[in-house]
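**Student:** Questions regarding the structure given below will be posed in turn.
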Amino acid sequence: MYDVAIVGFGPAGAVAAGLLGQAGLKVHVCDRRQGVYEIPRAIALDHEIMRVFQRLGVVDEVQRFCEPFTPSEYFGADGQLIRRMTMVAPPYPQGYTPSIVFTQPPVERALRALVARLGNVTVQENAECTALSQDADGVSLTIGGETVRARWAIAADGGASALRGMLGIELEDLDFDEPWLVVDVLVNDQGLARLPKTSVQYCEPERPCTYVIGPGNHRRWEISLQPGEDPRHMATPEETWKLLSRWITPQDGELWRQSSYRFHALVAQHWRAGRVFLAGDAAHMQPPFLGQGMCQGVRDVANLTWKLASVAKGEVCGAAAERLLGTYGSERKAHVMELTRRIKHVGEVICERDPHKARERDARLLAECGGVVKDTPRQDILPALTTGLVAPTAGAGTLFPQPRMQSGELMDQRFGSGWRLVTDGALPIEVPPGLRPIDMRSEPEAQGVVSSWMLRHGVHAAIVRPDHYTYGAASSAAEMAQLLTQWQQR
Ligand SMILES: Cc1cc2nc3c(=O)[nH]c(=O)nc-3n(C[C@H](O)[C@H](O)[C@H](O)COP(=O)(O)OP(=O)(O)OC[C@H]3O[C@@H](n4cnc5c(N)ncnc54)[C@H](O)[C@@H]3O)c2cc1C
């Protein structure tokens, strides 16, 4: 019997397998395909995800396929600049460039190679999961015609998730449905010289589109389709080059892929059915305007896996174990719903088709910034956790920073990823078992990342969860005592 069976070896499944395997659990992961999907879908990642890759030990390999994300300039109906999305300035709060462009297939290969090195993880490719049943002790999955039995299962089988269907879980439609063409081009030097030097959102009512500067000579266009345009016809090379003719011609590069998609905003009604948890695209899909789809899947499994590991190892038992596992869906669904709402709002700004309303939008955005477009860091759009295993204190639910220590190491390299109590030394604290104390006076940071986080939230100490989200924080000894009591009870 495995501890966890994971269906789907895409990014969500591979990160789940890596984290659970490294936690010492016996894991089975299967995929109906052999090898990674060789076409890039995700192009952007966040520093939060790099921190997960750091924990897995693949960050150096992954960084070979990453570059900083250029600013995205939004141009209005008359071609004027109306918004500029950037990233937070150094010192970087998570230890990595906050917004990154990357090449998905080699990054997925790095994740799979890591999983293959874990002796307690069984990988089965070319093996489709076709049936699922569960009882009080575990889950039985039919995979490649054989039965695989595990205490829990994770359905990371993508947007069309068969497991979600087998569990009878419906998707909630968050009301976004647009046909777009996504085009990846490997551009030559002649073409690169002609292209914009930042990424661009063309918020033009006749045909909204996005231009993204990917790593190396990879450039992506996401181009909205108009009513009456046949998505398959528009994805032919001839039609694609016609759409690209505003920027480049076939002499300037080669098409890597072009596919039409419906950009959706969908979220699973329930994220758990008994012993089976949904994660990644199986649980949610959002329009790619802020490059968050894969990031959300990695957040899901970073959240779920430490909880499963705690319960599997008997660190949390009985009703408390059930409550802990129950926080996965409540925390992640609320986060995904809020982020999707914000992404939809960005999408609605970009996708306004009515020229009159588009000009009103441009005037409103410019009025909001007093006529001078300011930089908006993309990270400002990410919500905090608002529910589940977080205390009602300042800073709770936010991603705790990862400073570089004066010793040269990043905080997680030095202290690991368990439950931590980070203090600036101002409060007298008796640290209970189960929390690793990190006193910033004796372990000084190099650039003031934690001290500015504490100053911003008006606190002197914070309890940090294994997924690096802040459980709660305190500004006085009395608040700290209360927070610790609550934490121990929960
Ligand atoms: C055009 C586009 C642009 C995007 N841009 C970004 C971006 O910039 N940033 C970002 O973060 N995200 C982006 N995304 C989203 C991102 O690509 C996805 O969210 C991510 O790849 C989903 O990962 P996953 O592991 O959940 O699912 P998938 O990658 O779909 O993996 C699911 C796996 O499950 C396997 N499987 C399915 N059914 C079964 C079965 N029954 N048995 C066994 N195996 C099965 C499949 O073969 C597949 O390998 C974009 C997506 C698109 C389409």
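**Student:** Just the residues that are among the basic types (Lys, Arg), touching a helix residue (DSSP H, G or I) at 6+ places or on another chain (Cβ under 9 Å) and farther than 19 Å from Phe53 by Cα, please, taken from region 70-125.
**Tutor:** Arg83
**Student:** Being away from the ligand (no atom under 14 Å from the Cβ) and either surrounded by 23 or more Cβ atoms within 10 Å (Cβ to Cβ) or without any contact (Cβ under 8 Å) to a residue 60 or more places away in the chain (or both) is the filter here; which residues of region 1-14 pass it?
**Tutor:** Tyr2, Val4 - these are the residues of region 1-14 that are away from the ligand (no atom under 14 Å from the Cβ) and either surrounded by 23 or more Cβ atoms within 10 Å (Cβ to Cβ) or without any contact (Cβ under 8 Å) to a residue 60 or more places away in the chain (or both).
**Student:** Of Ser417, Ser452, Ser442, which residue is modelled with pLDDT under 95, small (Gly, Ala, Ser) and within 26 Å of Thr97 (Cα to Cα)?
**Tutor:** The match here is Ser417.
**Student:** Does Asp173 count as away from the ligand (no atom under 11 Å from the Cβ), surrounded by fewer than 20 Cβ atoms within 10 Å (Cβ to Cβ) and over 21 Å from the mean Cα position of the chain (by Cα)?
**Tutor:** So Asp173 does not fit the description; no.
**Student:** Take Asp46 and decide whether it is surrounded by 24 or more Cβ atoms within 10 Å (Cβ to Cβ), farther than 25 Å from Pro466 by Cβ and within 10 Å of the ligand (Cβ to nearest atom).
**Tutor:** On the way: surrounded by 24 or more Cβ atoms within 10 Å (Cβ to Cβ): yes; farther than 25 Å from Pro466 by Cβ: no; within 10 Å of the ligand (Cβ to nearest atom): yes.
When the stated conditions are applied, Asp46 does not pass them.
**Student:** Are any of the residues in region 65-82 small (Gly, Ala, Ser), more than 28 Å from Ala367 (Cα to Cα), surrounded by fewer than 23 Cβ atoms within 10 Å (Cβ to Cβ) and not assigned by TED's automatic domain parsing to the domain that holds Glu445?
**Tutor:** Within region 65-82, none of the residues are small (Gly, Ala, Ser), more than 28 Å from Ala367 (Cα to Cα), surrounded by fewer than 23 Cβ atoms within 10 Å (Cβ to Cβ) and not assigned by TED's automatic domain parsing to the domain that holds Glu445.
**Student:** What number of residues within region 83-128 are part of a loop (DSSP other than H, G, I, E, B), buried (at least 18 other Cβ atoms within 10 Å of the Cβ) and at pLDDT below 95?
**Tutor:** Residues that pass the stated criteria total 1.
**Student:** Taking interchain pairs and intrachain pairs at least six residues apart, which have beta carbon atoms under 9 angstrom, with the first residue in region 213-225 and under 16 Å from Arg64 (Cβ atoms) and in contact (Cβ under 8 Å) with a residue 40 or more places away in the chain and the second surrounded by fewer than 23 Cβ atoms within 10 Å (Cβ to Cβ) and aromatic (Phe, Trp, Tyr)?
**Tutor:** Taking only residues 6 or more apart or on different chains, the pairs are Pro215/Phe65; His218/Trp256.
**Student:** Something else about it: Would you confirm, using the coordinates I've provided, whether Ala14 is over 24 Å from Gly347 (Cα atoms) and small (Gly, Ala, Ser)?
**Tutor:** yes
**Student:** Within region 388-490, considering only strands (runs of 3 or more DSSP E) that don't extend past its boundaries, which have at least 1 residues that are among the charged types (D, E, K, R), crowded, with 22+ Cβ neighbours inside 10 Å and assigned by TED's automatic domain parsing to the domain that holds Leu308?
**Tutor:** No strands (runs of 3 or more DSSP E) qualify here.
**Student:** Output the number of residues of region 301-319 satisfying the condition of being near the ligand (Cβ under 10 Å from one of its atoms) and either in a strand (DSSP E or B) or surrounded by fewer than 24 Cβ atoms within 10 Å (Cβ to Cβ) (or both).
**Tutor:** Counting residues in region 301-319 that are near the ligand (Cβ under 10 Å from one of its atoms) and either in a strand (DSSP E or B) or surrounded by fewer than 24 Cβ atoms within 10 Å (Cβ to Cβ) (or both) gives 0.
**Student:** With the requirement that a residue be over 27 Å from Gln269 (Cα atoms), aliphatic (A, V, I, L, M) and either within 23 Å of the chain's Cα centre (by Cα) or away from the ligand (no atom under 13 Å from the Cβ) (or both), what does region 119-166 give you?
**Tutor:** Matches in region 119-166: Val121 only.
**Student:** When you scan region 15-25, do you find a residue that is of a type in the set (Gly, Ala, Ser), away from the ligand (no atom under 13 Å from the Cβ), in a loop (DSSP other than H, G, I, E, B) and in contact with a Lys or Arg (Cβ under 7 Å, 6 or more places away or on another chain), even just one?
**Tutor:** Taking every residue of region 15-25 in turn, none turns out to be of a type in the set (Gly, Ala, Ser), away from the ligand (no atom under 13 Å from the Cβ), in a loop (DSSP other than H, G, I, E, B) and in contact with a Lys or Arg (Cβ under 7 Å, 6 or more places away or on another chain).
The values are calculated or read from the model by the stated rules, or taken from the named source; none is laboratory data. This one's a predicted model, so the numbers in the text were calculated from it and none came from an experiment. Ideal geometry is used to build each Cβ from the backbone, glycine not excepted, and the neighbour counts take in all protein chains shown.
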